[in-house]
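Structure first, commentary second.
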There are 2 protein chains.
Amino acid sequence: MNINQRLADLREVMRREHLAAYIFPSTDPHQSEYVADHWKGREWISGFNGSAGTAVVTLTSAALWTDSRYFLAAEEQLKGTEYQLMKLKIEGTPTIAEWLGKEIMQSRHPYEDWSEVAIDGRCSSANAVKELIADLRKQNGITLRTNFDPLKLIWKGRPVIPENPVEIYPMEYAGESCRDKIGRIRQALREKHADGMLMAALDDIAWTLNLRGSDVHCNPVFVSYLLISPKSVTLYINKVKLTPEVLACLKAEDIKVEDYEQVENGLKAYFEYNILLDPDEVNYRLYEVVRNKGKQNSCPQTEIVEEESPVKRMKTVKNEREIAGFRSAMLKDGIAMVKFLRFLDLRIKNLENEPLTEIGVDEMLTALRAEQPLFRGISFDTIAGYGEHGAVVHYEPTPETDIPLKPEGLLLLDSGAQYLDGTTDITRTIALGPLTEEMKKVYTLVLKGHIQIELCKFPSGASGTQIDILARQAMWREGLNYLHGTGHGVGTYLNVHEGPHQFRMEWKPAPLVAGMTITDEPGIYLAGKFGARIENTLLIVPYKETEFGKFLQFESLTLCPIDKAPILVDMLLPEEIGWLNDYHKMVFDTLSPHLSDDEISWLQEACAPVYF
Amino acid sequence: MNINQRLADLREVMRREHLAAYIFPSTDPHQSEYVADHWKGREWISGFNGSAGTAVVTLTSAALWTDSRYFLAAEEQLKGTEYQLMKLKIEGTPTIAEWLGKEIMQSRHPYEDWSEVAIDGRCSSANAVKELIADLRKQNGITLRTNFDPLKLIWKGRPVIPENPVEIYPMEYAGESCRDKIGRIRQALREKHADGMLMAALDDIAWTLNLRGSDVHCNPVFVSYLLISPKSVTLYINKVKLTPEVLACLKAEDIKVEDYEQVENGLKAYFEYNILLDPDEVNYRLYEVVRNKGKQNSCPQTEIVEEESPVKRMKTVKNEREIAGFRSAMLKDGIAMVKFLRFLDLRIKNLENEPLTEIGVDEMLTALRAEQPLFRGISFDTIAGYGEHGAVVHYEPTPETDIPLKPEGLLLLDSGAQYLDGTTDITRTIALGPLTEEMKKVYTLVLKGHIQIELCKFPSGASGTQIDILARQAMWREGLNYLHGTGHGVGTYLNVHEGPHQFRMEWKPAPLVAGMTITDEPGIYLAGKFGARIENTLLIVPYKETEFGKFLQFESLTLCPIDKAPILVDMLLPEEIGWLNDYHKMVFDTLSPHLSDDEISWLQEACAPVYF
C-alpha cells in the first residue's frame, strides 16, 4: 500500500478542482459504524483501518483524527506516512476546522488563494456536514463543497457496492411481524407530527423488515433505504440481492421495491406534506434533495421534521422472543467460552512445546463457537491482546503484529458471535501465569467497576450518563481512567453496537427502560504494559415499584466465569464479593448440564466462591 | 387575599383583549430565581409563593405547574382556589402547551373562537418564549402574544421596582478589579466571535462591577442591565440608587450610566456588528428588539451570537480572596450553628416548660448568626420543618403552619447567611428524641449519599450529571429517591444558588473545575411522616495528576457536626465511617478555639468518633 502515491494522485485532482483540502470521514451513505469495502475511502487514503477516524488532506499536509480506542493502533499504522495523528478528547487537539484554518492560512501561495474544502456529502450525516460548514465559516470564511468524490477518479480497483443476497429473518426469532413494526413506526411518526420518514440506517431497515443480509463484515445488514409514506412503503435496493422468496415476502407485506440509486427520485416524488429525516442518520446529500425540492418548479415543497428516528429506540427494546433468543445465544456462547478457557488453561502448562499466538487464540475460539447451533459468524473482529497489546484498546492481531503467549501476564480477549437467535459480546482478561502487583490492582479496580454497574438499581428512564461513574469511581480514586464508553446496546442477530442508549461520560439522553440490552465493559490500559477489561452483556429488567416510581436493575445475560487469579480480594467490598460468588454459581448451574465431566470439573474450580 | 376576585378581574381584561389564556411565569426581566416584589405576579394571581412555578389562566380554568420541592406547599396554598396543581416531572402531567391545547378546544364557544394566548415577553427568557411559541403552534396552531401585561391594569397597589442604594464591594473580598473582570469578559467574547454582550443576570452584573445591592430578598443584587460593547460599558439603572461614592467609582472605571428604562434604546443604538445574547438569560422582549433592528430603516442590522454568557462560568470559579472569604464566613457560620445546636439540645430537655416552635428555631438561629462579624442577613428563608413538615422540601414556617417541637422525631433545618465575605448554605437533620427505625434507616441512607459525594474523585471537567448518582445509589437500592438536584453553586456574598454547574439527574453540561463551590444535599421525604436532608457546601480542589489527566476532589467548607444519634452504623461502609470521623475531627479542631468551655464540651461529644 503506497499511501504517498495515493496522496499525490489526490492532490493532483484537488489542484485541478481548486480545492485546498479534502475530508474523508469513516462512514457510508447510511452512517454505518462498520462499512462495506466500497466505502472504506478513509482507510484507502490513510492506511488506518479503525472503525472511527477522519482523514484530512491539504495540498501540503495530512492529518487523521481518531479516539482513544485507536491511539496506539493509529500511531502504528500511520508510521512512515505524512499523516499527523490527532487525538480526540485530549487537551490541545485542534478540531478539523481549527486545523484547516491554520493549515490553509499557512500554505496559501500568492497564486493559490483557494480556500474551498470538499467532502462527499453522501458519506456524512446532514448534521455533521451542517456543523462542519458552520465551523469552517468561522475560520476566515472557508467554504465547503459537498458534491465531489475524488475516489471515483483515483481509487483503481475500488470494490463495488455489495450484491449479497438478502434472507428472511424468521418470526420465531424476530417475535414481531414486519406489518406490526411498520404500524408502530407510523404511530410514532404521527406522535412526532410527521407524515412519513426516510430510513437510512441499515440495521433499522433489517429490523423493520425482518430481513438480514451480509453486506458488511460481521453485521448482518444489507445496503438499502426504506421510504415510509402514509400509504406506501418502498425499499430501495439493488434487486439482484432479492431472492424470489424474499420478493414474495415483501409483496405480501405490500412493500414496493425500487433500485437503490432511485432513492433521490423517490424523495423528489414524495408528495406528502412533511417527512421525518433524522439528521444524524440521513446523509447530507439526501437531506439537501428534500430541502431543495420546493426550489424546483416541478416538485412540491416538503417540510422536514428533524427528529431522532423512532426506530432506533423501538429496536433496542427487545420482545419476549428476542430475549429468549438472547438467552439461547448466550448459553451457546458460554459453552464455547468455557471450552476455550479450559483449552487455554491446559495449553498454558505446555506453551513451550505447543506455542500459541494471539491469532491462534482467535482461531481456536472461533472454531469452538462455530460448533454451536445457528452460528453465523463473529460479531466483530476478535481483540486478542497479549501483554502490552492488551493496552491497545481495539487491537486486532495481524500476521505482522502477532506474538506468542507466554505463561505470565494478562491476555485481554474481547470477542462475540452472531447466532441466528442473538448476538453476543464478551470480554475476559485472563492471567496466563504470574502477575505483577500493578496488574492485580488494575484488574481488581476494573472488576470493582464492572460489579458496581451490575449491582446498580435505578429509576426507569435514567440515562447511561448518570450511571457510568459507578464503573469509574474506584479507579478515579487511584487517578486511573479509560476514555471509551462503559457500555452499548447489542442487536438481535444484528449490529453488536446498537444505540442510542449507552453508558458513557458524555451526555446520552436516551432513557434506559426494561427490555434493553447493554454491555458493561470498564477497562484500564497502561500503554506499553498491559490492559484489562471485563465485559458482560446485561438485560434491563424490573426491580421494584414504590411511591417514588418504577425502579430497574440489570441481569447478566453473559455466562462465563471471570478469572479470579488476578483478584486482590481485600480491595473488594462484601457486596462485590457477594455478587461475584452469586454470578459464578449462576454460571455453573446454567452451563454445567451442557458440558462433559472434564469440563464440569474445570468449571467448578473456575466458579468456586472467593472469601475474604 | 381573594384569588377568585383577581381571576375575575383578569378574565375581564382577557375577554376585552380576545385572549384565550394568560401565562404567569415566576421570573423577572432578568431571569432571577428570586424576584423583587414588583415581579411577583404569579404569586399575586395564584397565592402560591414558591420560588418556581407557572400559573396559567384560561377563561374557564386555571392551573399551576411546580416541581417536587413545592408539591406539598403548593397543594396547601392553592386550597380553596380553582387552580389545579400540575406536578412537573411526574408521569402523566401535561405540558403547559398540551394542557392549553385541550382546555382551549373544550371551552371554545361558537362565538368565542379566540385561540390566542398571551405572556409578558419581558418576564421570560428568549428561549422559553421561543419554545412556548413552537409548542403552542403544534396545538392546533395556538398563537402567542408577548407584548401585553394585564397586571398593569388589575394589580392595585403593585410594589414599585426597588430603589435601594447600591454599595461598593471591596477588593479585599472581591479579589479582582472590575477592570480586570471586564478585560476577561471581552477576551471571552472574542473567543466566541462576539463584539459585545448584554448582561441581564443581576448577580453577573454585581459580580462584574464589584457592587452589591438589596433589591431582592436575601440576594444582594440591584436591578439593572449592563451593555458591553468593544469600546464602552453602560450600566442601565435607576440613578436614584447610586450614591456619589458609587458614581465616582463607576466613573473611574469608565462605565457610563443610563436610566434603566433606556436599555431598549441602548440596544437600538448598538452599532457594532454583532452581540452575544444568552437566550436563557436575556428576556424575549429585548431579544426581539435586537432581532428586529435590521427591519427598521433607522437601525443597522446586528447579528445575534446565541451562546451562554461567559460571565456565568467565570463567576463560579472563586479566586484566592473569595476562597479565603468563604472560609472566614464558614467559620462564623459554624460557630453560630454550634451555639444553636447546643441551645436546642439543652432546650429539648425542658420543652414542656419552655416551648419552642419552628419559627422560634428560625429566630434563635438568625439571632446567633447576627452576632457574627460582617453578618448582612440570611441567604434564603430558613426551612425549619419539624416532623411531617420536614417532608415539605421547601417548607417555610408561617404563623398559620407553625408547630411546637416535641422531644421526639426529626427536625429538618436548612438555612444560610450572607456575610460580607461569603455566603453560607447548610442543612442538618436533628433528632429531638426517640426515632422510629424507618427514620434511622432513611437518615442513614441520606448520610451515605452525602458522604459518597464528599469522597468522590473525578477528572477535571466532569459534569454534575455524572456525579449525582453517588448520592442516590444507596437509596435507589431501597426504592427511595428525591426529585430535586443534589447540589448547586454558591455565590460570594451573592445568590445562594449560582449556576450553571450543578449535581443533578438532568443533564447539566457545565464542567466542574477547581475553585468552584457546590453544595452536597441529598434528602429523602416521606409525605405525611418526616424528611431528612444533610448539606455541606464544598469547594472543588485538585486531587492528583496522572497520565490520565488532572483529577479533582471536594473539600468541605461547612463546619458543623452532623447528628450521629439517628445513624445505623451497620449500614455504613468503613470508608463512610472514616469520612465522618475525619470530618468531625476537622470541625472540632477548627471551631473549638473560638468557643467557650461549655460549648467545647458539647462539641467534643458531638464530634466524638463512631465505631462499628
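The values are calculated or read from the model by the stated rules, or taken from the named source; none is laboratory data. Given the structure is predicted, the values throughout are model-derived calculations rather than measurements. Heads up, the Cβs are rebuilt from the backbone with ideal geometry, glycines too, and the neighbour counts pull from every protein chain shown. Keep in mind that these areas ignore ligands, DNA and RNA; they rest on the heavy atoms of the full protein, side chains included. Shrake-Rupley method; radii C 1.70, N 1.55, O 1.52, S 1.80 Å.
Within the straight-line cut-off of under 20 Å between alpha carbons, the lysines reachable from A:LYS251 are A:LYS181, A:LYS231, A:LYS239, A:LYS241, sequence neighbours fewer than 8 places apart in one chain being disregarded.
Taking every DSSP bridge with both residues inside the protein assembly as shown, close to 75 percent are antiparallel. Here the Karplus curve 6.51 cos²θ - 1.76 cosθ + 1.60, taken at θ = phi - 60°, turns the phi angles of the stretch A:168-180 into couplings of 7, 9, x, 3, 3, 9, 6, x, 8, 6, 4, 4, 5 Hz, with x standing for Gly and Pro. Between the residues B:THR146, B:SER463, B:PHE551, the greatest Cα displacement towards the positive end of the dipole of chain B, with unit charges on the Cβ of Lys, Arg, Asp and Glu, is found for B:THR146. Sorted shortest first, the distances from the B:LYS256 label point to those of the same residue in the other copies are 6.4 nm; each point sits 7 Å from Cα along Cα-to-Cβ. Counting only residues at least eight positions apart within a chain, or on another chain, the aspartates and glutamates with an alpha carbon under 12 Å from that of B:LYS457 are A:GLU478, B:GLU545, B:GLU555.
Computed from the Cβ-Cβ distance with R0 of 60 Å, the FRET efficiency linking A:GLU12 to A:ASN353 stands at 0.60.
For a test of the definition: using alpha carbon positions, the gyration tensor, and the 1.5 limit on a/c, classify the stretch B:1-49 as rounded, prolate or oblate.
Working: a/c = 2.96, a/b = 1.57, b/c = 1.88.
It comes out oblate by the Cα gyration axes.
Among beta bridges from DSSP that stay inside the stretch B:41-173, the antiparallel ones total about 40%.
Keeping the other protein chains in place, figure out the carbon and sulfur percent of the accessible area of the protein assembly as shown, with a 1.4 Å probe. Carbon and sulfur: 51 percent of the exposed surface of the protein assembly as shown. Placing a label point 7 Å from the Cα of A:GLU400 along the Cα-to-Cβ direction, the residues of the stretch A:32-68 whose backbone N falls under 19 Å of that point are A:40-55, A:63-66. Per-residue 3J(HN,Hα) values for the stretch B:184-196, derived from phi via the Karplus relation 6.51 cos²θ - 1.76 cosθ + 1.60 with θ = phi - 60°, read 5, 5, 4, 4, 5, 5, 4, 5, 8, 6, 10, 8, x Hz in sequence order (x marks Gly and Pro). Partner shielding of B:506-512 amounts to 2, given as the average count of beta-carbon atoms from other chains within 10 Å of each residue beta-carbon. The distance linking the stretch B:162-209 with the stretch A:120-148 is 37 Å (Cα centroid to Cα centroid, whole angstrom). Taking other residues whose beta carbon is less than 11 angstrom from the beta carbon of B:HIS497, and scoring Lys, Arg as +1 and Asp, Glu as -1, yields -4. Counting 0.36 nm for each residue step from A:ALA324 to A:TRP507 and taking away their Cα separation leaves a gain of 62.8 nm.
The slack between B:ALA608 and B:ASN164, meaning 0.36 nm per residue of separation minus the straight C-alpha distance, is 155.1 nm.
How large is the charge dipole for the stretch B:393-526, taken about the Cα centre, if only the Cβ atoms of Lys, Arg (+1) and Asp, Glu (-1) carry charge, to the nearest 20 debye? Show your work: numbers first, answer last.
On the way: 10 positive and 16 negative charges, 109 e Å.
Result for the stretch B:393-526 is approximately 520 debye, rounded to the nearest 20.
Cross-link check: pairs B:LYS152/B:LYS295; A:LYS448/B:LYS441; A:LYS192/B:LYS138 evaluated at a Cα-Cα cut-off of 18 Å; pairs beyond the cut-off: B:LYS152/B:LYS295; A:LYS448/B:LYS441. The dipole here belongs to chain A: it is taken about the Cα centre, uses +1 on the Cβ of Lys and Arg and -1 on the Cβ of Asp and Glu, and is about 1340 debye. The simple spin-label model puts a point 7 Å past each Cα toward its Cβ; for A:GLU131 and A:GLU245 those points are separated by 4.2 nm.
Each principal axis of the Cα cloud of the stretch A:516-562 was taken in turn, and the coordinate range along them, longest first, works out to 51, 23, 16 Å.
A point 7 Å from Cα along Cα→Cβ stands in for B:PRO593, and the other copies hold the same point at 7.2 nm, listed in rising order. Relative to the longest principal axis of the Cα atoms of chain A, the long axis of helix A:320-348 makes an angle of roughly 60 degrees. Taking Cα atoms only, the orientation of helix B:3-16 departs from the longest principal axis of chain B by about 20 degrees. From the alpha carbon centroid of the stretch A:251-315 to that of the stretch B:557-612 is 65 Å.
Relative to the other identical copies, A:PRO407 shows label-point distances of 7.4 nm, where the label point lies 7 Å from Cα along the Cβ direction and values run shortest first.
In the full protein context, the stretch B:32-137 carries 43 Å² of accessible surface per residue, based on a 1.4 Å probe and ignoring ligands, DNA and RNA. Label sites at B:PHE271 and B:THR590, each approximated as a point 7 angstrom past Cα along Cα to Cβ, lie 5.4 nm apart. Checking every one of the chymotrypsin sites (Phe, Trp or Tyr not before Pro) in the stretch B:229-322 against DSSP loop status and a limit of 16 other Cβ atoms within 10 Å picks out B:PHE271, B:TYR273. Normalised by the number of residues in chain B, the average gap of Cα pairs under 8 Å and 6 or more apart makes the relative contact order 11 percent.
Segment A:GLU363..A:MET171, full-extension length gain: 65.9 nm, with 0.36 nm per residue of separation and the alpha-carbon distance subtracted.
Rounded to the nearest 500, what is chain B's calculated 222 nm mean residue ellipticity when only DSSP H runs of at least 4 contribute -39500 (n - 2.57) each, over all residues? Intermediate results must be reported in sequence, preceding the final value.
On the way: 20 runs with 209 residues, N = 612.
Rounded to the nearest 500, it is -10000 deg cm²/dmol.
For chain B, the longest principal axis of the Cα atoms and the long axis of helix B:358-370 meet at an angle of about 90 degrees. Taking label positions 7 Å along the Cα-Cβ direction at both B:ASP149 and A:ARG122, the computed distance is 5.8 nm, reported to one decimal.
Peptide B:467-473 has a mean of 5 when you count, residue by residue, the C-beta atoms of other protein chains within 10 Å of its C-beta. Taking the alpha-carbon centroid of each part, what is the distance from the stretch B:336-372 to the stretch A:377-393 in angstrom? The stretch B:336-372 and the stretch A:377-393 have Cα centres separated by 65 Å.
How shielded is A:478-488 by partner chains, expressed as the average number of their Cβ atoms within 10 Å of its Cβ atoms? Let's see the in-between values first.
On the way: counts 5, 11, 4, 7, 1, 3, 0, 0, 0, 0, 0.
Mean number of neighbouring Cβ atoms from other chains: 3.
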